Amino acid sequence: VEERDLQVYFLLDMSSSGSFGNKIPKKRKTLEIVASLMFAALRNNDNIGIFLFTDKIEKFIPARKGKKHVLQILRSVISFQPTSKTTNLKTTLVQVCQILKKRCIVFILSDFFDSNDYLKPLKILRRKHDVIILKISDLREQEIPEIGLIQLEDEETGEQILVDTSDPLFQKKYTAIVSNHESQLMLNLIKLKVDFIKILSDENYEIPLRKFFKKRVRR
């Protein structure tokens with residue numbers, strides 16, 4: 001969108017669950033997407049800023065223009081070491097709402113594995129800004145292969161559980177839980193009128209992004 005002094009902010013989930021990936025870690029895919037979107041905004045001469053968050057905002061770089069600034073942001077993301085492993089979108093979004101005064105485009109990149117109720121602050125953020133959510137997922141989070149007994153560990157809490165992946169009942173329950181979580185997320189975002197893009201970590205992200213932005217142009 002061509003607009004004077006447009007500010008574009010990126011909220012990146014840096015919690016431990018982003019380290020998971022069957023072929024490509026979700027954090028790496030997130031970085032690729034962010035770099036692509038930042039350079040697109042750079043070509044439009046937009047002001048670009050970033051929030052890196054876990055259970056709170058851990059790093060904030062205010063929006064500015066210029067290639068040097070974008071490269072500085074990307075270096076910060078690559079070298080960033082979070083102090084927390086967990087995710088709390090509710091706390092993060094409340095803080096973002098307090099910081100961002102002028103209307104912005106806000107991209108939120110996360111796997112949205114978060115048990116906190118973040119819908120209210122997301123609704124407030126949506127009223128003030130143009131919010132676009134990119135859910136970064138991995139295929140193995142949706143379908144666990146039948147490989148017998150394995151130990152699963154929650155990257156964020158460290159909780160471990162032994163499961164039999166060949167058990168049809170386990171496969172059915174697991175698929176239902178994942179499907180219900182995603183369906184509920186999409187339903188909530190539709191109610192809030194928040195734009196939503198789902199991207200798998202091992203897929204070409206250009207295809208869903210192009211489809212999304214073409215659809216927005218036609219509105």
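Over the chain, give the accessible area per residue in Å² for a 1.4 Å probe, as an integer. Don't skip to the answer; put the middle values down first.
On the way: 12320 Å² over 219 residues.
Accessible area per residue, the chain: 56 Å².
Using unit Cβ charges (K, R positive; D, E negative) and no other charged atoms, how large, in debye to the nearest 20, is the dipole of the chain about its Cα centre?
On the way: 38 positive and 28 negative charges, 359 e Å.
Once rounded to the nearest 20, the dipole reads 1720 debye.
Using a 1.4 angstrom probe on the protein heavy atoms only, could you order Thr165, Thr175 from most to least accessible area? Display every interim value, and only then the final one.
Numbers: Thr165 0, Thr175 70 Å².
If we order Thr165, Thr175 from most to least accessible, we get Thr175, Thr165.
For the chain, which whole percent of the accessible surface, found with a 1.4 angstrom probe, sits on carbon and sulfur atoms? Intermediate values should be presented prior to the final figure.
Details: 6440 of 12320 Å².
It is 52 percent, rounded to a whole number.
Quickly rank 188-195, 177-184 as a protection proxy: mean count of other C-beta atoms within 10 Å, highest first. If you can, show how the numbers build up before the last one.
Numbers: 188-195: 14.6, 177-184: 11.9.
Sorting 188-195, 177-184 by mean packing, highest first, produces 188-195, 177-184.
Taking H placed 1.01 Å from N in the peptide plane, check which residues at least 5 places from Leu200 or on another chain put their amide H under 5 Å from its amide H.
Ser137
Taking the Cα centre as origin and putting +1 on Lys and Arg beta-carbons and -1 on Asp and Glu beta-carbons, what dipole magnitude results for the stretch 2-127, to the nearest 20 debye?
Working: 23 positive and 11 negative charges, 49 e Å.
Using Cβ point charges on Lys, Arg, Asp and Glu, the stretch 2-127 gives about 240 debye.
Using only alpha carbon pairs under 8 Å that are at least six residues apart, calculate the relative contact order of the chain and give it in whole percent.
Working: 345 pairs, mean separation 46.9, N = 219.
Averaging sequence separation for qualifying contacts and normalising by length gives 21 percent for the chain.
Which value at 222 nm does the chain reach when only helices count, each DSSP H run of 4 or more adding -39,500 (n - 2.57), with the total divided by all residues and rounded to the nearest 500 deg cm²/dmol? Could the numbers behind the result be given before it?
Details: 7 runs with 93 residues, N = 219.
Result for the chain: -13500 deg cm²/dmol, rounded to the nearest 500.
At Ile124 and Glu159, where each label point lies 7 Å from the Cα along Cα→Cβ, what is the point-to-point distance in nanometres?
Placing both labels 7 Å beyond Cα along the Cβ direction yields 2.8 nm.
Just read off the accessible area of Tyr174 with the full protein assembly in place, 1.4 Å probe, to the nearest 10 Å².
Spelled out: Tyr174, probe radius 1.4 Å, area about 60 Å².
Ignoring ligands, DNA and RNA, how do Ser17, Ser79 rank by accessible area with a 1.4 Å probe, largest first? List each step's numbers first, then the result.
On the way: Ser17 15, Ser79 80 Å².
Putting Ser17, Ser79 in descending order of accessible area: Ser79, Ser17.
Of the options Tyr205, Asn88, Phe112, report the single residue whose Cα projects farthest towards the positive end of the charge dipole of the chain (beta-carbon charges: Lys, Arg +1; Asp, Glu -1).
Tyr205
Rounded to the nearest 0.05, what FRET efficiency do Lys172 and Glu203 give with R0 = 25 Å and r taken as the Cβ-Cβ distance? Could you check? Could the numbers behind the result be given before it?
Values: r = 25 Å, r/R0 = 1.02.
That gives a FRET efficiency of 0.50.
The values are calculated or read from the model by the stated rules, or taken from the named source; none is laboratory data. All values reported here derive from a predicted model rather than from experimental measurement. Reconstructed Cβ throughout: ideal geometry from the backbone, glycine too, with neighbour counts over all protein chains shown. The accessibility values were calculated without ligands, DNA or RNA, using every heavy atom of the protein model including side chains. Shrake-Rupley method; radii C 1.70, N 1.55, O 1.52, S 1.80 Å.
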